[in-house]
1. For the structure I just gave you, tell me whether C:GLY101 is within 19 Å of C:LEU306 (Cα to Cα) and surrounded by fewer than 19 Cβ atoms within 10 Å (Cβ to Cβ).
2. Could you go through segment B:66-77 and let me know if any residue there is within 14 Å of chain C (Cβ to nearest Cβ), of a type in the set (A, V, I, L, M, F, W, C), in contact (Cβ under 8 Å) with a residue 24 or more places away in the chain and closer than 29 Å to B:ALA131 by Cα.
3. For a quick check of your reading: which strands (runs of 3 or more DSSP E) sit entirely within segment C:99-139 and have at least 3 residues that are out of contact with any Lys or Arg (no Cβ under 6 Å at 6 or more places or on another chain) and of a type in the set (Ser, Thr, Tyr)?
4. When you scan segment A:45-54, do you find a residue that is surrounded by 19 or more Cβ atoms within 10 Å (Cβ to Cβ) and either more than 9 Å from chain C (Cβ to nearest Cβ) or basic (Lys, Arg) (or both), even just one?
5. Scan segment B:372-409 for residues that are away from chain A (no Cβ under 14 Å) and either in a helix (DSSP H, G or I) or more than 22 Å from the chain's Cα centre (by Cα) (or both) and jot them down.
6. Answer yes or no as to whether B:GLY289 is without any contact (Cβ under 8 Å) to a residue 40 or more places away in the chain, touching a helix residue (DSSP H, G or I) at 6+ places or on another chain (Cβ under 6 Å) and part of a loop (DSSP other than H, G, I, E, B).
7. Does B:ASP369 satisfy the condition of being of a type in the set (D, E, K, R) and more than 8 Å from every other protein chain (Cβ to nearest Cβ)?
8. Looking only at segment B:322-345, count how many residues are more than 7 Å from chain A (Cβ to nearest Cβ) and outside any loop (DSSP other than H, G, I, E, B).
Amino acid sequence: MELSDREILHVARLARLRLTADELQPLRQDLNRVLDYVSQLQRLDLDGVEPTLHAANDQAPLREDVEAASLSVAEATKNGPKVAQHMFLVPRIMEGGSDGE
Amino acid sequence: MASKPLWTYEAHTLHDLFCEGAVSAEEIVTSHLARIRAVDASVGAFLYVDEAGAVAEARRQDQWSAAERRERPLSGVPVAVKDNIVTQGMPTTAGSKILGEFVSPYDATVVVKLKQAGAVIIGKTNLDEFAMGSSTEHSALAETRNPWDLSRVPGGSSGGSAAAVAAQLVPLALGSDTGGSIRQPSSYCGIVGMKPTYGRVSRYGLIAFASSLDQIGPMARSIRDARLLYHVIQGADRHDSTALSSAGDRTVSGGPWRIGVPREYFGEGMDAGVRRLTEAALERLRGMGHALVEISLPHTSYAIATYYLIAPAEASSNLSRFDGVRYGMRAEGRDLLTMYEKTRDEGFGAEVKRRILLGTHALSAGYYDAYYLTAQKVRTLIRQDFDKAFQEVDFIVTPTTPDVAFRRGERDDDPIKMYLGDVYTVTANLAGIPGLSMPAGVADGLPVGLQWLAPGLADTALFDAAATLEPQMEPMVWPMGVEA
Amino acid sequence: MSQYQVIIGLEVHVELKTATKLFCGCSAAFGGDPNTHTCPVCLGMPGVLPVINQEAIRLAVRSALALNCTVRAVSKFDRKQYFYPDLPKAYQISQYDQPLGEYGWVTIRGADDAAKKIGVRRVHVEEDAGKLNHLGQRLGDATGSLVDLNRAGVPLIEIVSEPDLRSAEEARLYLTELRAVLSYLDVSDLRMEEGSMRCDANVSLRPEGFAGSLEDLPRVEIKNVNSIRNVQRGIEYEVIRQTELLAAGERIVKETRGFDDATGKTYSQRSKEEANDYRYFPEPDLPPLVLDPQWIADMKRGLPALPDAIRADLVGRGIPEKDAEVLVLDREAYEYWREATALFQDERLVTNWMLSDLSRLINARGESFANSGVRPEGLVELLGLIQAGTLSGRMAKEVLEAMFESGQTASQVVKDKGLSQITDAGAIQSIVDQVLHDNPAVVQDFLSGKEKALAFMVGQVMKQTRGQAKPDLVNQLLRDSIQKNYAASQD
Ligand SMILES: [Zn+2]
């Protein structure tokens, strides 16, 4: 199940990572080595084995519906890279994705 | 007053001296700050030292009565915090550029507990970016060196905390352990580090790497100190749905014990010094009257592959929030997608990107079953290996790592080789059981770690057991010659 | 053109009426200055973890049970991953393959009155996203957007129907009935204009004789339509659009479309082929949600009367079906009706007055049955005066209007306006005598068998009493007097 450059670029898009041409080659090599390594798991007979979907508690605790203190708007936005009118400002959203740069 | 400098003391001793009024908290703190100033330029353990805050807190505590000092188990004690644990009023970076100038508006639960226990938080320690690595070389912000040999790595990802404790910059530090990130650097730096049972310590405020594997744990120069810190930070938390209440601690008889020695952990590729010191420690245990039982954990060889699917998958999701919108750095772009991609491209380092891509792929349409789900099934087999083993034995003892601290730059380019170094530690994370690394001795000038594993929830018993061996070992002589 | 069958499935999002958000203690109240209902958890700060709000689960279970779903004793949460500025963690905590409720249904009744069961595939719990304010006219030409996270993390249920709906009208009926059911549960404000109820419609056309899975048909999703009426309009448009495309030999593209209220048309937003890989996986920060089966059973027993049962009850009491339907679909009206009929025996009279004059006045004043100035006790007092003969129907209408104007009770209005009906025969007799005397020809007409002539004379008497005479009394007095004084002389 070797990953092609196209597949890696697709995954990178899903993860919102822009890979430069010189990043792509070594990453593809590394990823394919790791994927090759993990393929050993396919050798195991896993019929009837339940996946471990939760690590600790077998039951989620439930919280009472009681209001707790929120942050002040100043605290909430103080780490924002760009803030206007107490809101986080983001660049324009292109529906089809990006018009590139 | 004692003739040795205060920075050489263990935490419980400092606390006692402070409670008795023999020394002030300010003296303790300034002694450690002086040590940091003298040594940390060459060790590079800290990313941030809060001198003013620590001194102010020490002065505040100096006003306390003896009773007030006593009722707080860490009063007067300096503690370092790994920089993937959020702290109000200090930056938190996770060793990454992407957090930028981030200052958390809230304290992690463990930090709240430390403060309530009277700990004086000295600063934040270096780590591999987002705890992804085994050498601390993947920090985007600073280099940390092994105090035993500055040309070598301290291990990782809690390398800053391990180096800080070993170089006696602090007596106690918090680390986090996802696949060995407390135990492996503890082993490389000759200290005690413990990964609790999954759920024993709240993860609220720990910047998530792999949520189902991450645990915060104590690092110290003695088991007694590590246990002290563990008892402060453990317990249920209303902010963490996976944190377990303290009830239901599993006890183990006072001994003699049946100690499991898994044959899969003594295979090829083990450093000769590691093998010699591990076997010597096992002999000591036998000499103490315990029975050594050879056991098998048959799925051990699948652990790394399992881990390197589950951890990146969860990480790819956990790291999506670093998108340049609400906090951290942003690389401007003329539309949203460009901003996202540039921010994450410039903000994340190569190893983080590698794991995000791997994890994204493992969860993507058409691959989920083959990768993520398969790995979670193998995880079940690995858990069952331990369940079965602990029906036969009380504890399992292994080397912590197959090797000793390696040279900086040595494993930069080979991810598989780097990942394989975690082979003895990842199983405890996959199985959710507690593990502890303690010094087994020094081989050719470099420390070797001995790992104890216990059944889930037997955390206290694990400390008790390891503590019986500690006096039987050669006392550690801490590296002093690290001044630049 | 008719060789296609319309296949519609609806996804309805309903915000639950809790005090706090699904996973943190911030207020879930609508509104508030931007980012004032936020904390580290709902801002998606590094290190935060979710803790489930039990009230959200209670409301979700209540909803699922009312929609006839089976509620799982063990369900789990999953992460649905995509990047968008209104989604702070870049994943939404939702439920994927083990939803809270499954296999339910809603019954709709069309014009032919035949009941049809529409399957409810699933009801699951998830968190809402925040709000984007675009700088500019529309998203397309905005220079940027401002993110307000007050709504981020508010609890939602998503109710997914089976693709059982066959027309825009059926979709309307389904949504109307669904909203009615939920309205009796106190689980949500159900305000589509505020976004507390939202609907996405999946529309596809199945060629006659198509035997494959419905999933294989190219499906168009109409997103986030803000009223039931517009869902219907959007589907109507979409059916025509797709039919015409197919007639022209073109292919339907699987895509997401918006609905433009002004033009009544749908427009393409984005094609779904590429970007839509949500990479669901189990939320490792939340252990399974485990519910006690006994508690679920108790919840089911504790459900209030729901539209189907209420309808049957009303019709059984002799309320006309049309009226019953109006009452059932408006919970406030129904509750008004219940309060009124608890105080007043004649349920049909209550119904008639509520659905005609009272409704008209309430609507004209922009009130509702819940906050109308005339409470059920007030209406009942008025109806009592009618029943006792103190007020004629026409007078009562006047009184009701005055009650709205002044806030007075019916008897106060009657007293102030001197409106009470004259029921004393003695007081009317002289007027009756006068009218008979003044209209001999009409009297003769009546005597010769023209019943209508009497109505004229009743009208004359009513006119002279300014409408206050009791009509049937006037009628009786006229007959008696003619009998006594005129019929005899004819002999
Ligand atoms: Zn919040």
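The values are calculated or read from the model by the stated rules, or taken from the named source; none is laboratory data. None of the values given here were measured: they were computed from a predicted structure. Note: ideal-geometry Cβ built from the backbone for every residue, glycine included; neighbour counts use all protein chains shown.
1. Numbers: within 19 Å of C:LEU306 (Cα to Cα): yes; surrounded by fewer than 19 Cβ atoms within 10 Å (Cβ to Cβ): no.
Against the criterion (within 19 Å of C:LEU306 (Cα to Cα) and surrounded by fewer than 19 Cβ atoms within 10 Å (Cβ to Cβ)), C:GLY101 does not qualify.
2. Within segment B:66-77, the subset within 14 Å of chain C (Cβ to nearest Cβ) is none.
Within segment B:66-77 (the criterion being within 14 Å of chain C (Cβ to nearest Cβ), of a type in the set (A, V, I, L, M, F, W, C), in contact (Cβ under 8 Å) with a residue 24 or more places away in the chain and closer than 29 Å to B:ALA131 by Cα), the answer is no, since none of the residues qualifies.
3. none
4. Yes, there is a match, as at least one residue in segment A:45-54 is surrounded by 19 or more Cβ atoms within 10 Å (Cβ to Cβ) and either more than 9 Å from chain C (Cβ to nearest Cβ) or basic (Lys, Arg) (or both).
5. We begin by selecting, within segment B:372-409, every residue away from chain A (no Cβ under 14 Å); these are B:388-409.
B:LYS388, B:ALA389, B:PHE390, B:GLN391, B:GLU392, B:VAL393, B:ASP394 - these are the residues of segment B:372-409 that are away from chain A (no Cβ under 14 Å) and either in a helix (DSSP H, G or I) or more than 22 Å from the chain's Cα centre (by Cα) (or both).
6. Working: without any contact (Cβ under 8 Å) to a residue 40 or more places away in the chain: yes; touching a helix residue (DSSP H, G or I) at 6+ places or on another chain (Cβ under 6 Å): no; part of a loop (DSSP other than H, G, I, E, B): yes.
So B:GLY289 does not fit the description; no.
7. On the way: of a type in the set (D, E, K, R): yes; more than 8 Å from every other protein chain (Cβ to nearest Cβ): yes.
Taking the combined requirement at face value, the residue satisfies it.
8. Of the residues in that region, 1 qualify.
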